[in-house]
1. Tell me the label-point distance for the pair Gln55, Thr34, using the 7 Å Cα-to-Cβ offset, in nm and rounded to one decimal.
2. At a Förster radius of 25 Å, what calculated FRET efficiency corresponds to the Cβ-Cβ distance of Arg48 and Ile74, to the nearest 0.05?
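Read-outs: derived from the displayed coordinates by stated rules, not from any lab. Remember, it's a predicted structure, so these values are computed and weren't measured experimentally. Please note: Cβ atoms are built from the backbone with ideal geometry, for glycine as well, and neighbour counts cover all protein chains shown.
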Amino acid sequence: MLMITCLTLNGRRFIAVFASVDAMGKVDIWNINTDTEVPVVSLQTNTRTALNRMQWSTNGKELHIGDCDGKVYIYELKEKLAVPHNEEWKRLNDTLNEMQQRVTEVPLAV
């Protein structure tokens with residue numbers, strides 16, 4: 001079972017991109033403009049120690065990740081993922097509207 005230990009938005013650059021880490025040392029980077037159910041990048045660190053802290057760099061192009069043993073991993077995002085183009089903002093708005101519609105269409109169990 002996947003246990004996400006930390007989730008962070010890349011609010012410094014583009015909020016459609018965010019990252020999650022888990023207790024097994026896995027890092028996922030998501031772009032909801034690309035897919036809302038599958039990460040665009042998924043990688044395993046060289047340790048099985050739980051990852052539990054993340055922070056984006058001030059320019060939004062690097063992701064700093066810490067584990068329970070005090071190690072820090074730094075990952076650099078490709079320009080295509082880190083820097084949004086003008087049309088990406090419209091796509092984000094469309095994606096969020098579509099997600100909102102899906103939520104309002106789901107019947108609530110009583």
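1. 2.6
2. Numbers: r = 19 Å, r/R0 = 0.77.
Between Arg48 and Ile74 the formula returns 0.80.
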